[in-house]
Every structure is written in structure tokens, then in C-alpha cells.
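Reading through the C-alpha cells given below for one structure.
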Amino acid sequence: MIADNLARVHERIASACARAGRPVQSVTLLVVSKTHPAGAVREAVAAGERKFGENYVQEGLEKIDLLADLRGPIEWHLIGPLQSNKTRPVAEQFDWVHTVERIRTAERLSAQRPPQLRPLSVCLQVNISGEAAKAGFAPADAAAAAQAVAALPRLALRGLMAIPEPAPDFETQRRPHRALRLLFEGLHRQGLALDTLSMGMSADLEAAIAEGATIVRVGSAIFGERPRSRR
Ligand SMILES: *Cc1c(COP(=O)(O)O)cnc(C)c1O
């Protein structure tokens, strides 16, 4: 069932790329395994997936441990909130953090990234819909934050990430994704070599790809709905 769902998601990505005139390899599927057991990740690995996203630090660390035999081929991405007192195990165990929303957190991740590992890939989270309760840098602060984070020695600043407000139709979904892309292009013009726009989920991946997403983060379209109690 997971393999069938994955095939469907890859078809959606391929048609969205075709419509946007983009090569299908320009979009990476990040399989969001939060709230789903390690066995579900194994099934996705058997179906060919290698990149997994976790929201909760503790749950992610437990799964990384349970799947230690697959550590070589798998890439683990943190896509949920990161408190600055929880950075050490993340710097030590994850490959990516999409949700850097404070310079202080980035500084700690850089200081704590073990020297024998590659620099930790990070994205700045941007509060692109301007929601009061949403995490992320305000768009107006993103450029200064990007310059500061890009200067940290043990981090590789890869790009920007956003979780736009849910919207009912394609054109409305496109707007915040377009805003994130324009911000991204602005950073390019300032000389930052970024390659990642992390945007698009189960409900809006087509709109995100139309606006240039390079990583789409997809959970429920692969694993089914999450248990409600968790979030
Ligand atoms: C849960 C989550 C996703 C996946 O959402 P789906 O709607 O299940 O595809 C993507 N990104 C983030 C940050 C999430 O928390």
C-alpha cells in the first residue's frame, strides 16, 4: 500500500514537472514519516525512498536508532520546530534541518556539528503567509539572517522553507510559494549560492512545483492520515 501510494505521489510530481517545463529530477521527494513507525520507513526504503522527514526531535532520534542498519543510505531531515536547548543530538544525528528560525539555533548547530561529519545542510524557515502564530523569519529579515547563517563554518545554507496556510484552490496555493521563490531569487542576486526551495505538501505539491519547489515534503498522501491526537 505504501509502495502504491509512493508511485502515485511520484506520478503527481512528474506531471507537475511536465506542466512546469521542469525536469523531474529537479524535484526531490522528502517522505514525511512523523507519527509512523520505523516499519513504515522500512517499507518506503524497500520501495526505493532514501530521504525522510521527522517533525519531533525525540521521535526522530528514536527512529534513527531503530533504523541504524540503514543509516548509510538514508538521509534524515528535521522539519519540525527546534528549541535551542535540543540542538546537540540534532547536530550529531540529522543530515538536514529545514526549520532554522533563529540565528542562535544556527550558531549552536554549527558549534555542535561533529568535525568528522559533513556540514549540516540547513534551510531558513520563512513565515511567508505572515501568520501571527507561525514560526519562521519575517520575509523582510530573511536576507540578513541568510548572510549570518551562511557564514557559520559547520553549516551549509541550502535555501528556504515555508509552510503556507492551507488554501482551497491552485491559484491561491501558488501565491505564498511564489513569494518564497521571489525571496529565494533575491538571495541569489545577493551572491548566496542556494539550491533548495523546500515547499509543498500532500495538498499543494503541484502549486509548489509550479513555483519552483526543489523539495516537496509529503506525509499523508504516502502513509494515510496521521492519528489526530498527535497534532
Ligand atoms: C506534516 C508535515 C508535512 C507533511 O504534510 P502532509 O500534509 O501529511 O503531506 C510537511 N511539512 C511539514 C513541516 C510537516 O509538519
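Neighbour counts of C-beta atoms inside 10 Å place V57, V218 in the sequence V57, V218, starting with the fewest.
The stretch between E92 and S26, if pulled fully straight at 0.36 nm per residue, gains 20.9 nm over its current Cα-Cα span.
By the beta-carbon count within 10 Å of each Cβ, the least crowded to most crowded order of S220, S121, fewest first, is S220, S121.
The tail of the calculated P(r) for the range 139-214 beyond 20 Å holds 31 percent of all Cα-Cα pairs.
Within the shell defined by Cβ-Cβ distances under 10 Å, the residues around L155 carry a net charge of +2, with Lys and Arg each +1 and Asp and Glu each -1.
Normalising the Debye intensity of the chain to I(0), with uniform scatterers on Cα atoms only, and taking log10 at q = 0.08, 0.13, 0.17 Å⁻¹ returns -0.27, -0.75, -1.32.
Its relative contact order, with pairs defined as Cα atoms under 8 Å and 6+ residues apart, puts the range 2-222 at 20 percent. With each label modelled as a point 7 angstrom along the Cα→C-beta vector, the R19-E59 pair spans 3.0 nm. Ranked for footprinting exposure by Cβ neighbours inside 10 Å, fewest first, V31, V9 give V9, V31. A full extension of the chain between M1 and R189 corresponds to an added length of 63.3 nm, given 0.36 nm per residue minus the alpha carbon distance.
Computed from the coordinates by the stated procedures, all read-outs in this text should not be read as laboratory data. Here the structure is a predicted model, which is why all the values come from computation and not from measurement. We place every Cβ from the backbone using ideal geometry, glycine too, and count neighbours over all the protein chains shown.
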